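The values are calculated or read from the model by the stated rules, or taken from the named source; none is laboratory data. Every value quoted in this text rests on a predicted model; they were computed, and no experiment measured them. All Cβ positions, even for glycine, are placed from backbone atoms using ideal geometry, and neighbour counts span all protein chains on display. All accessible areas refer to the heavy atoms of the entire protein, side chains included, with ligands and DNA or RNA removed. Shrake-Rupley method; radii C 1.70, N 1.55, O 1.52, S 1.80 Å.
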Amino acid sequence: MELNINGINTKRILVLHGPNLNLLGTREPEIYGTLTLNEINETLHTRAKEWGVDEIDFLQSNFEGELVEAIQKARGRYDFILLNAAALTHYSIALRDAIAAIPVPVIEIHLSNIHKREEFRRQSVIAPVVMGQICGFGIDSYIAALEIAIRKLRKG
(Lines give C-alpha, C1' and ligand atoms only; values in the text may rest on other atoms or scores of the structure.)
Protein backbone atom coordinates (compact mmCIF):
# COMPACT_ATOMS: atom_id res chain seq x y z
CA MET A 1 0.00 0.00 0.00
CA GLU A 2 1.36 3.41 -0.95
CA LEU A 3 1.40 6.31 1.47
CA ASN A 4 1.30 9.86 0.22
CA ILE A 5 3.46 12.04 2.46
CA ASN A 6 3.68 15.67 1.35
CA GLY A 7 2.88 14.64 -2.19
CA ILE A 8 5.48 11.89 -2.16
CA ASN A 9 4.58 8.22 -2.46
CA THR A 10 6.38 6.17 0.15
CA LYS A 11 6.03 2.43 -0.10
CA ARG A 12 6.97 -0.80 1.64
CA ILE A 13 10.41 -1.62 3.03
CA LEU A 14 11.64 -5.10 3.94
CA VAL A 15 14.40 -5.56 6.51
CA LEU A 16 16.19 -8.90 6.32
CA HIS A 17 18.49 -10.17 9.06
CA GLY A 18 20.75 -13.15 8.42
CA PRO A 19 22.18 -15.98 10.50
CA ASN A 20 22.87 -15.55 14.22
CA LEU A 21 21.44 -12.03 14.39
CA ASN A 22 18.70 -13.47 16.59
CA LEU A 23 21.46 -13.71 19.23
CA LEU A 24 22.19 -9.98 19.28
CA GLY A 25 22.49 -8.54 22.75
CA THR A 26 24.37 -11.55 24.05
CA ARG A 27 26.50 -12.58 21.07
CA GLU A 28 29.95 -10.96 21.25
CA PRO A 29 28.65 -7.63 22.60
CA GLU A 30 32.12 -6.11 22.26
CA ILE A 31 31.69 -6.45 18.47
CA TYR A 32 27.93 -6.29 17.91
CA GLY A 33 26.76 -4.23 20.87
CA THR A 34 24.18 -4.97 23.52
CA LEU A 35 20.97 -4.17 21.65
CA THR A 36 18.75 -7.11 20.83
CA LEU A 37 17.33 -7.74 17.39
CA ASN A 38 13.89 -6.83 18.73
CA GLU A 39 15.23 -3.49 19.95
CA ILE A 40 16.76 -2.79 16.54
CA ASN A 41 13.48 -3.68 14.80
CA GLU A 42 11.46 -1.54 17.23
CA THR A 43 13.78 1.42 16.63
CA LEU A 44 13.47 1.02 12.85
CA HIS A 45 9.70 0.71 13.07
CA THR A 46 9.51 3.89 15.18
CA ARG A 47 11.80 5.80 12.81
CA ALA A 48 9.86 4.58 9.79
CA LYS A 49 6.64 5.95 11.29
CA GLU A 50 8.32 9.25 12.19
CA TRP A 51 9.59 9.56 8.62
CA GLY A 52 6.21 8.83 7.08
CA VAL A 53 6.46 5.11 6.41
CA ASP A 54 4.27 2.68 8.27
CA GLU A 55 4.78 -0.37 6.07
CA ILE A 56 8.04 -1.93 7.21
CA ASP A 57 8.40 -5.69 7.62
CA PHE A 58 11.13 -7.71 9.29
CA LEU A 59 12.46 -11.22 8.79
CA GLN A 60 15.37 -12.93 10.51
CA SER A 61 16.50 -16.33 9.35
CA ASN A 62 19.40 -18.63 9.99
CA PHE A 63 18.64 -20.34 6.67
CA GLU A 64 20.07 -19.12 3.39
CA GLY A 65 17.17 -20.48 1.34
CA GLU A 66 14.58 -18.64 3.40
CA LEU A 67 16.38 -15.35 2.80
CA VAL A 68 16.71 -16.12 -0.92
CA GLU A 69 12.97 -16.80 -1.09
CA ALA A 70 12.18 -13.56 0.77
CA ILE A 71 14.28 -11.62 -1.73
CA GLN A 72 12.61 -13.33 -4.70
CA LYS A 73 9.13 -12.65 -3.27
CA ALA A 74 9.98 -8.97 -2.70
CA ARG A 75 9.45 -8.21 -6.41
CA GLY A 76 6.22 -6.28 -6.74
CA ARG A 77 5.64 -6.31 -3.00
CA TYR A 78 8.44 -4.15 -1.60
CA ASP A 79 10.15 -1.07 -2.92
CA PHE A 80 13.37 -1.40 -0.92
CA ILE A 81 15.26 -4.07 1.00
CA LEU A 82 17.64 -3.41 3.88
CA LEU A 83 19.82 -6.50 4.27
CA ASN A 84 22.22 -7.60 6.96
CA ALA A 85 23.24 -10.92 5.45
CA ALA A 86 25.65 -11.58 8.35
CA ALA A 87 28.00 -14.49 7.55
CA LEU A 88 26.22 -15.11 4.23
CA THR A 89 27.70 -11.81 3.04
CA HIS A 90 31.05 -13.50 2.54
CA TYR A 91 30.12 -16.59 0.55
CA SER A 92 26.48 -16.80 -0.53
CA ILE A 93 26.38 -16.74 -4.30
CA ALA A 94 22.72 -17.81 -4.04
CA LEU A 95 21.92 -14.63 -2.09
CA ARG A 96 23.93 -12.55 -4.54
CA ASP A 97 22.10 -14.06 -7.51
CA ALA A 98 18.69 -13.51 -5.88
CA ILE A 99 19.50 -9.81 -5.35
CA ALA A 100 20.74 -9.46 -8.94
CA ALA A 101 17.57 -11.14 -10.27
CA ILE A 102 15.07 -8.61 -8.89
CA PRO A 103 14.50 -4.92 -9.60
CA VAL A 104 14.14 -4.04 -5.90
CA PRO A 105 17.07 -1.94 -4.63
CA VAL A 106 19.02 -3.39 -1.71
CA ILE A 107 21.25 -1.69 0.85
CA GLU A 108 23.80 -3.95 2.56
CA ILE A 109 24.14 -3.32 6.31
CA HIS A 110 26.58 -4.48 8.97
CA LEU A 111 26.77 -3.54 12.64
CA SER A 112 30.55 -3.92 12.69
CA ASN A 113 33.08 -2.62 10.21
CA ILE A 114 33.69 -5.76 8.17
CA HIS A 115 36.75 -4.14 6.57
CA LYS A 116 38.53 -3.97 9.94
CA ARG A 117 37.82 -7.56 10.89
CA GLU A 118 39.28 -10.94 9.93
CA GLU A 119 40.43 -11.25 6.35
CA PHE A 120 37.59 -13.59 5.36
CA ARG A 121 35.01 -11.02 6.58
CA ARG A 122 36.43 -8.22 4.43
CA GLN A 123 35.02 -9.65 1.20
CA SER A 124 31.35 -9.17 0.39
CA VAL A 125 30.09 -11.23 -2.52
CA ILE A 126 26.82 -9.27 -2.47
CA ALA A 127 28.42 -5.80 -2.64
CA PRO A 128 28.59 -5.73 -6.46
CA VAL A 129 24.79 -6.19 -6.76
CA VAL A 130 23.52 -3.91 -3.99
CA MET A 131 22.95 -0.15 -4.15
CA GLY A 132 25.50 0.44 -1.41
CA GLN A 133 26.98 -0.76 1.85
CA ILE A 134 26.85 0.77 5.33
CA CYS A 135 28.95 -0.80 8.05
CA GLY A 136 30.64 -0.12 11.34
CA PHE A 137 28.10 2.12 13.05
CA GLY A 138 26.11 -0.37 15.10
CA ILE A 139 22.39 0.34 15.03
CA ASP A 140 23.14 3.61 13.23
CA SER A 141 24.07 1.52 10.16
CA TYR A 142 20.44 0.36 10.05
CA ILE A 143 19.06 3.84 10.73
CA ALA A 144 21.21 5.39 8.01
CA ALA A 145 20.11 2.72 5.53
CA LEU A 146 16.47 3.35 6.38
CA GLU A 147 16.88 7.09 5.91
CA ILE A 148 18.62 6.59 2.56
CA ALA A 149 15.90 4.20 1.38
CA ILE A 150 13.20 6.71 2.29
CA ARG A 151 15.06 9.53 0.55
CA LYS A 152 15.46 7.42 -2.59
CA LEU A 153 11.76 6.51 -2.56
CA ARG A 154 10.76 10.13 -2.15
CA LYS A 155 12.87 11.14 -5.14
CA GLY A 156 10.99 8.54 -7.14
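Using a/c under 1.5 as the rounded threshold, could you call region 30-81 rounded, prolate or oblate? The axes a ≥ b ≥ c are square roots of the C-alpha gyration tensor eigenvalues, and prolate needs a/b larger than b/c, oblate otherwise.
Because a/c hits 1.5 or more and a/b fails to exceed b/c, region 30-81 counts as oblate.
Can you work out the Karplus-derived ³J(HN,Hα) for every residue in region 147-153? Use 6.51 cos²θ - 1.76 cosθ + 1.60 with θ = phi - 60°, whole Hz, and x for glycine or proline.
4, 5, 4, 5, 4, 5, 5
As a check on your grasp of the helix formula, calculate [θ] at 222 nm for the chain: sum -39500 (n - 2.57) over DSSP H runs of n ≥ 4, divide by the residue count, round to the nearest 500.
-10500 deg cm²/dmol
Tell me, how many Å apart are the Cα centres for region 86-118 and for region 46-78?
Spelled out, the Cα-based centre of one part sits 15 Å from the other.
Output ³J(HN,Hα) for region 57-64: one whole-Hz value per residue in order, computed from phi by the Karplus curve 6.51 cos²θ - 1.76 cosθ + 1.60 with θ = phi - 60°, and x for Gly and Pro.
10, 10, 9, 10, 9, 8, 10, 3
Past 22 Å, Cα to Cα, is the threshold; run K116/K152; K11/K152; K49/K116; K49/K155; K49/K73 against it and keep the listed order.
K116/K152; K49/K116; K49/K73
Put a dot 7 Å past each Cα toward the Cβ at F137 and W51; how far apart are the dots in nm?
The answer from the label model is 1.0 nm.
Using the Karplus curve 6.51 cos²θ - 1.76 cosθ + 1.60 with θ = phi - 60°, what ³J(HN,Hα) values do you get for each residue of region 32-40, in whole Hz, with x for Gly and Pro?
Those phi angles translate into 9, x, 10, 6, 7, 4, 4, 5, 5 Hz.
If you bin every alpha carbon distance in region 50-135 into 10 Å steps from zero, what whole percent lands in each bin?
16, 52, 26, 5
Antiparallel versus total DSSP beta bridges in the chain: what percent is that, nearest 5?
In the chain, approximately 15 percent of DSSP beta bridges are antiparallel ones.
So who's got an amide H within less than 5 Å of the one on F80, skipping anything under 5 residues away but keeping other chains? H placed 1.01 Å off N, in plane.
Amide H neighbours of F80: L14.
Given a 1.4 Å probe and every protein chain left where it sits, what share in percent of the accessible area of the chain is carbon and sulfur?
Carbon plus sulfur share of accessible area: 49 percent.
Any idea of the accessible area per residue across the chain, 1.4 Å probe, to the nearest Å²?
It amounts to 50 Å² per residue over the chain.
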